[in-house]
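Student: Got a structure here, written out as structure tokens. Questions coming.
Every read-out reported here was derived from the displayed coordinates using simple, explicitly stated rules and does not represent laboratory data. No experiment lies behind these values; they were computed from the predicted model shown. Using ideal geometry, Cβ is built from the backbone for each residue, glycine included, and neighbour counts are taken over all protein chains shown.
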Amino acid sequence: MTESYEPADHYDRVTHAWGLLLGAELHYGVFESPDEELDVATHRLTERMAAGGQLEPGLRLLDVGCGIGAQSRFLASTYDVETVGITTSPVGVETARELTEAAGLTGRSSFELRDATANGFPDESFDRVWILESSHLMRDRQALVSEATRVLKPGGRLVWCDIVRHRTIPFLEVRERREEFATLREAFGDARMEPLADYVQWFESAGLTVEQADDLTAATLPTFEAWRANADQHRDAVVDALGEHGHAAFVRSADILESLWRDGTFGYGLIAASKPAAS
Ligand SMILES: C[S@@+](CC[C@H](N)C(=O)[O-])C[C@H]1O[C@@H](n2cnc3c(N)ncnc32)[C@H](O)[C@@H]1O
């Protein structure tokens, strides 16, 4: 008999599988040593972002590309900020709202279906803008930056982190590695990486003062080994949710990304910037 799932069930299973593979927080880890627990390392990235954002109780924060709202809920409950999460995924919004209600945080964390490259919020309506691993999915990077800057209040702060590209990949190499790039696209979506220096320049050109631009390539490298260990440890549950092909594609993606990290193609960066206070 072929099993069939309602979309929500399916999403739960996929989300559950991603939790097993990537850990409690669905993003890269910043490791102090390679054998550190993945959850400790992913949480360190969140704490670094929070430190860069200089969060204080009562501030209004825009969570750009909010996924299912894990970061928003964490920031609202830990730092007592009011968060508004935006994503272009209707399932993301719906799931984020359900999880937030279940956590008793409705009213402190809200979620809306909006495109970050044309977000529609009034000018200067947020104290903080938080962009965690979502910019690589947005085609119009400059529109993201100008919109994020526009909605920030004078004196406000923006924190960003994402995968970055360290070198130009020649056309011939793109052709030779097309199977690798197709596998990554299948596992992680249609991503485009840009250099950390470009983000710094875009934020500066938009009128922000970049105070911190950290290259976290070496510190994030152990993430891939941790993902593979999770894929091995939770093999049956992941195959049940994603199928044999999905499991294999994830493991292969971790291998490919690790080789791109090691050969100096990709890496990871974090930026903290401020908007000058009104004179
Ligand atoms: C890799 S997930 C990161 C989720 C979240 N920041 C986290 O760390 O858990 C990327 C998110 O960006 C969202 N996204 C992609 N393009 C977007 C756009 N143009 N505007 C708003 N959100 C977008 C996706 O829907 C997804 O929620």
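Student: Suppose every Lys and Arg Cβ carries +1 and every Asp and Glu Cβ carries -1, with no other charges. What dipole size does the chain come out with about its Cα centre, to the nearest 20 debye? Can you show the working numbers first?
Tutor: Working: 26 positive and 47 negative charges, 169 e Å.
Dipole size: approximately 820 debye.
Student: Right, another one. When only Cα pairs under 8 Å and 6 or more residues apart are kept, what is the percent relative contact order across the chain?
Tutor: 22 percent
Student: By the scheme Lys and Arg +1, Asp and Glu -1, what is the net charge of all other residues having a beta-carbon under 13 Å from that of Val159?
Tutor: My count for the surroundings of Val159 gives -3.
Student: Further question: Grab the beta carbon distance between Ala51 and Asp240, set R0 = 41 Å, and tell me the FRET efficiency rounded to 0.05.
Tutor: Once the sixth-power term is evaluated, E becomes 0.60.
Student: Oh, and also: What distance in nm lies between label points placed 7 Å from Cα along the C-beta direction at Ser89 and Arg262?
Tutor: 3.0 nm
Student: Mind checking the alpha-carbon convex hull of the range 7-274 and giving the volume per residue in Å³?
Tutor: Numbers: hull volume 32.7 nm³, N = 268.
So the per-residue Cα hull volume is 122 Å³.
Student: How far apart, in nanometres, would the label points at Arg192 and Asp214 be if each is projected 7 angstrom from Cα along the Cα-to-Cβ direction?
Tutor: In this crude spin-label approximation the distance works out to 2.8 nm.
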